[in-house]
């Protein structure tokens, strides 16, 4: 910290200290970015699962977890899988993405959103976002697709690369939903299925509909850094019984049901969530309402703490979104973008774990061969958005 | 059962009854094919993991599980991942299999061995097995590769398809090791790396070396049907520190270490084993020696029970293999091959869960486009090999 501080200009030093102090009025250092909350009630189902001997990919907790996810999110079926990345991979596959296709992916999202496109031999094609939700900018995407693509016999093609464009994926960034109606409208104009990467968005709603249930397929994650966790885990959400059946079939090695024969009719995966992890998931769902209250309380505390701080604000839910506030985010003013790394160093040195938003994927060398529209908003936000500690346990609720 | 029995010829009926009765002298019905064994001690590490809050893909149990796997198998490093299929996928990738390559795969193996080849856009190329281990027949593979391939500038090419042949994978079928020295010798002749699918073979040894540690990379599974389980889980084994580092990097989204930035330098995966599952794995490793004794005892009981039964034998470990006897297998005499389904029906109807060996993969429509040598031995064994209940808890050990 000493090294960093020495090098800072006086105004930067004051700015950093103000931010560190403001964050520390909300959370006590040290604080990690996001850790799960377990109460003593979580033991019982996990122990029961061990006692039953059914710890693997078939079991009553998997069924129960899926039923409860379905009830909570309001879709007829949820399919529990090993993690959010596996759910994305299946989602792309069941909507028909094939090797050599392109998938429209936001520039600002976790790398798994794009990686899972590549798993199918398909190519991510990056688009820009808008600042209120940090999700895809529907209008910019419409204009861009009008410029570079054309529909031939009902299928959309990229006129520049000649490849088919097969789907759009949107991310609910930090739990905030993008303008899904506007995005869905563009998808319909261009005959594209919509996948929702709602990995961090359990408990988030867009106009009353749960995140991940507006498009054709939605994806949740229960990784250890999410609002609820199964250790590792994820789920697909869909209203389409055909897609749900396809996802389940593909997640169980595409095995054809038979009393004893091992016949498989497609290239499938070993993607089912183990019962052991689902048992923890059931326990976590019991606490979800309380965790969501805590998350909102913490977000309100950040807003209050930063109300009168010049040069930095707090990202709040867009008007149509009821966010779970998975990760709280500070947004530096444009003139403060150059001070982002000093702020990050100051916060982390103070024991307050903080991170910038994801690196714009289209700027990573690994995706440099992929098509992309100009993404000035993503590039700008990358220099100004900082996630701060957001664990539900940090909320100081009234007793 | 009544329906099946009615239709049987008298000699078949007697044969089936003899087998059912013999199996039932070894195990009490009902008996599943393979279920895990948990003792009361397995709860402590799982509870400790929950209490620590570290349930996800980083944690002391993951490190401990890897260290203990490394010590048990005698390789410098083991990398724990979400399941055996993920381990296979990584194994193919780190030895250099690329889209459009072919990988030599045995006809008789679980479908994941071939699926994971396809995940990379590569093509399984099937070869035959030999009856003693049901593993790859080294001599037949040598002759076949001599006939259809040629080495150009150090790389092997299939002269028929024009594609590169990039690797060989062998499977330790039911825990029995194939003749690895002979297979490795063929691999060296043709400049091919050797991957060992030892998914079911923890505790199996080939000439004193643990299964999965003879070739370049080996793969273990801890699925619920294996000798020890983590719910879902797997591991890579390798003596090559470069390959180990690559596997670990790719299994953690290929993220470049940095205090806060999300930069990734390759298409990576979300494949690390959660700490919760590793905690169970540590508990299971404590019991492995005992489980292996029980497995061997059960196998001996099957051998004794079938010693004087005409028309059927028990598969025993090949001369160079010390098998964990993951799955016990009856082998019908050639003239009894037509009675396989009657035997399967009889056993399952009696509550003794039994299955044929895997369907030859090259005969499944999903792999019909893939190159294959003639596989008469695999085809023959498919009609004669039946797995019978093999859970360690079934062993009747002396007190």
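Among A:47, A:336, which comes first, second and so on when ranked by fewest other beta-carbon atoms within 10 Å?
The order, fewest Cβ neighbours first, is A:47, A:336.
Run through the other copies and list how far each one's label point is from that of residue A:74, in nm with one decimal, shortest first; the point sits 7 Å from Cα along Cα-Cβ.
Output for residue A:74: 6.1 nm, nearest copy listed first.
Sort shortest first the distances from residue B:307 to its counterpart in every other copy, using label points 7 Å along the Cα-to-beta-carbon line, and give them in nm.
Here residue B:307 shows inter-copy label distances of 8.8 nm.
Grab the DSSP H runs of chain A that are 4 residues or longer, score each as -39,500 (n - 2.57), total them, divide by all residues and round the 222 nm result to the nearest 500 deg cm²/dmol.
So the helix-based figure for chain A works out to -11000 deg cm²/dmol.
Two decimals is fine: what is log10 I(q)/I(0) at q = 0.07, 0.08 Å⁻¹ for segment A:40-285, from a Debye sum with one equal scatterer on every Cα and no solvent?
-0.23, -0.30
Taking only the alpha-carbon positions of the protein assembly as shown and ignoring solvent, what does the Debye formula give for the base-10 log of I(q)/I(0) at q = 0.05, 0.09, 0.11 Å⁻¹?
Scattering profile of the protein assembly as shown, log10 relative to I(0): -0.28, -0.87, -1.23.
Can you tell me what share of the DSSP beta bridges in chain A is antiparallel? A percent to the nearest 5 is fine.
Here the share of antiparallel DSSP bridges comes out near 65 percent.
Would you kindly work out, in nm and rounded to one decimal, the distances from the label point of residue B:40 to those of the same position in each other copy, ordered shortest first, with label points 7 Å along Cα-to-Cβ?
Distances to the matching label points in the other copies: 2.1 nm.
Hey, in the GNM for chain A with a 10 angstrom Cα cutoff, which one of A:249, A:258, A:359 fluctuates hardest?
Between A:249, A:258, A:359, it is A:258 that shows the largest mean-square fluctuation.
What is the gain in length, in nm to one decimal, between residue A:259 and residue A:209 on full extension, counting 0.36 nm per residue of separation less the C-alpha to C-alpha distance?
Length gained, residue A:259 through residue A:209: 14.0 nm.
Any chance you could list the semi-axes, whole Å, largest first, of the equivalent ellipsoid that the Cα gyration tensor gives for segment B:139-248, using √(5λ)?
Calculated on Cα positions only, the semi-axes equal 28, 16, 13 Å.
Most mobile of A:196, A:35, A:150 per a Gaussian network model of chain A (Cα springs, under 10 Å)?
A:150
Could you work out how far apart the two model spin labels at residue A:52 and residue A:160 are, taking each label as a point 7 Å from the Cα in the direction of the beta carbon, and quote it in nm?
The two pseudo-label positions are separated by 5.2 nm.
Using Cα centres only, tell me the gap between segment B:26-71 and segment A:323-399 in whole Å.
That distance is 37 Å.
Give me the number: length gained by fully extending residue A:245 to residue A:72, i.e. 0.36 nm times residue separation minus the C-alpha to C-alpha distance, one decimal in nm.
Length gained between residue A:245 and residue A:72: 60.3 nm.
Looking only at the protein assembly as shown, where both bridge partners belong to it, what percent of the DSSP beta bridges are antiparallel (to the nearest 5)?
65
State the extension gain, in nm to one decimal, for the chain segment bounded by residue A:341 and residue A:303, taking 0.36 nm per residue of separation less the distance between their alpha-carbons.
11.5 nm
Which residues does the label zone of residue A:397 cover in segment A:32-70, counting backbone N under 17 Å from a point 7 Å along Cα→Cβ?
A:35-42
Throughout, read-outs are computed from the coordinates displayed, never taken from laboratory work. As the structure is a computational prediction, the values presented were derived from the model and not from experiment. Don't worry about glycine lacking a Cβ; one is built from the backbone with ideal geometry, like all the others, and counts go over all protein chains shown.
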